[in-house]
Amino acid sequence: MKIGKIDQADFRSLVMGKFGRRDPSVLVPPMAGVDAGVVDLGGGRVLVVAEDPIFTMPRLPLEMFGRFTVHIGASDVAVMGVRPRYMTYSLLLPPDTAREDLKRIVDSIHAAARGLGIAIVGGHTGFYPGFTAPTIGGITVFAVGRKKDLVTPAGARPGDEIILTKGPAIETAALLAALREEELLTRFSAALVDKAKSLARAITVVEDALTAAAAGGVTAMHDATEGGVMGGLFEIAAASGVGMEVDERLFVYPDEVRMVCEAFAIDPVRAIAEGSLLLTVRPAKSAAVLGRLKKKRIAASVVGTVLRDRRRRTIRRLDGRTEVLAIPEQDPFWPAFFEGLEGS
């Protein structure tokens with residue numbers, strides 16, 4: 001049984017085209033691999049809207065759940081080149097949730113929103129049977145920006161350089177280090193395990209995306225979520241109708257990511273990587289983008305090139321093998337996650 005988002009085949013057969021009334025003001029409708037929708041407001045302005053569910057994770061504090069709620073939703077707007085400004089959220093709780101836990105969640109959402117300059121303008125909070133843990137049924141983040149600043153995953157052009165921030169499997173490493181900490185401590189130092197757990201605060205690309213966009217020359221951006229860097233690269237290539245040559249040996253590769261992925265036999269390139277931003281940039285501007293990211297202490301590197309031939313979509317692996325870019329049938333994070341739940 002597949003865990004996670006539906007695949008592209010199911011999206012095309014079950015969801016595609018079932019979007020209510022057609023409206024010519026919708027510039028970017030729902031589509032696979034695109035992080036947000038866009039509505040033309042006229043006068044050179046656009047409305048960018050993104051929606052996400054958020055789940056609590058075992059052994060992570062509720063304050064981190066609140067932070068994830070805001071940053072994951074805001075990231076999907078920021079990768080469109082527009083600063084997130086408004087949000088709503090729906091918080092669904094088990095009936096026996098302690099009021100103190102509710103307060104911790106709401107306070108952390110408030111703090112994260114303030115930190116990003118986002119106003120919370122509505123939502124819903126309630127206790128319902130059937131929920132075993134606090135759940136964000138949906139966070140919706142909005143922004144109004146200039147149409148000329150808009151970036152989508154469909155904008156990559158032949159000759160662009162491909163940049164990856166932070167490296168692969170950021171979310172995978174952070175969440176599994178928390179859930180399966182005891183197993184890791186039998187093999188690795190406490191300092192390295194703590195470093196992996198601290199990656200939880202890096203599960204955001206808001207600053208990555210806004211910093212890169214400000215440098216200019218960015219043609220496409222995409223958050224490497226389920227399916228990881230491999231899936232994200234394929235989605236940009238497919239949306240843009242281009243090819244790609246990527247070299248894993250050029251990736252930023254944190255030791256703590258290597259540790260977690262090796263410990264649980266996970267291919268880091270295919271594993272969920274919220275916090276890892278993929279972007280394509282005109283060659284003359286890639287140095288400026290990397291320079292601005294470095295000033296923000298965001299590690300990044302050029303990892304490949306966009307090609308005109310859409311039939312050539314490849315990644316050279318660390319061992320020298322060449323693989324075809326594709327969306328993984330199953331993100332390897334989920335089996336490792338559920339194995340950890342069973343053992344806890």
Quickly work out the Ala214-to-Thr132 label distance, labels modelled 7 Å from Cα along the C-beta direction, and quote it in nm with one decimal. 4.4 nm
May I ask for the distance between the Cα centers of the stretch 112-158 and the stretch 15-46, given as a whole number of Å? 16 Å
Paired Rg and Dmax values of the chain, which use every Cα atom, in angstrom: 19.5, 60
For the stretch 13-149, what's the radius of gyration and Dmax over Cα atoms, in angstrom? 16.3, 50
Taking 0.36 nm per intervening residue step and subtracting the Cα-Cα distance, what contour gain separates Ala287 from Glu262 on full extension? 5.8 nm
Can you list the equivalent-ellipsoid semi-axes of the stretch 161-343, largest first and in whole Å, using the square root of 5 times each Cα gyration tensor eigenvalue? 28, 19, 13
The chain, helix-only ellipticity at 222 nm - DSSP H runs n ≥ 4, -39,500 (n - 2.57), divided by all residues, nearest 500: -10000 deg cm²/dmol
Over the stretch 13-149, what is the percentage of antiparallel beta bridges among all DSSP beta bridges, to the nearest 5? 75 percent
For a protection proxy built on the mean count of beta-carbon atoms within 10 angstrom, sort 288-301, 207-220 highest first, please. 207-220, 288-301
Linear extension gain, Arg146 paired with Leu341, 0.36 nm per residue minus alpha-carbon span: 65.7 nm
For Val46, Val26, what's the fewest-to-most ordering of other Cβ within 10 Å of each Cβ? Val26, Val46
Take the Cα of Thr314, step 7 Å along the line toward its Cβ, and report every residue of the stretch 205-241 whose backbone nitrogen sits under 17 Å from that point. 234
Given the chain, what count of lysine pairs have C-alpha atoms under 27 Å apart, with each pair 8 or more places apart or on different chains? 28
Taking neighbour counts of Cβ atoms within 10 Å as a proxy for exposure, in what order, fewest first, do Tyr89, Tyr128 appear? Tyr128, Tyr89
Can you give the local net charge around Leu184? Use residues other than it whose beta-carbon is closer than 14 angstrom to its beta-carbon, Lys and Arg +1, Asp and Glu -1. -2
Sort the stretch 226-323 into rounded, prolate or oblate with this rule: let a ≥ b ≥ c be the square roots of the eigenvalues of the Cα gyration tensor; rounded if a/c is under 1.5, and if a/c is not under 1.5, prolate when a/b is larger than b/c, oblate otherwise. oblate
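No value in this document is a laboratory result; all are computed from the given coordinates. Source: prediction; values computed, not measured. Glycine also receives a Cβ, built like all others from the backbone with ideal geometry; neighbour counts cover every protein chain displayed.
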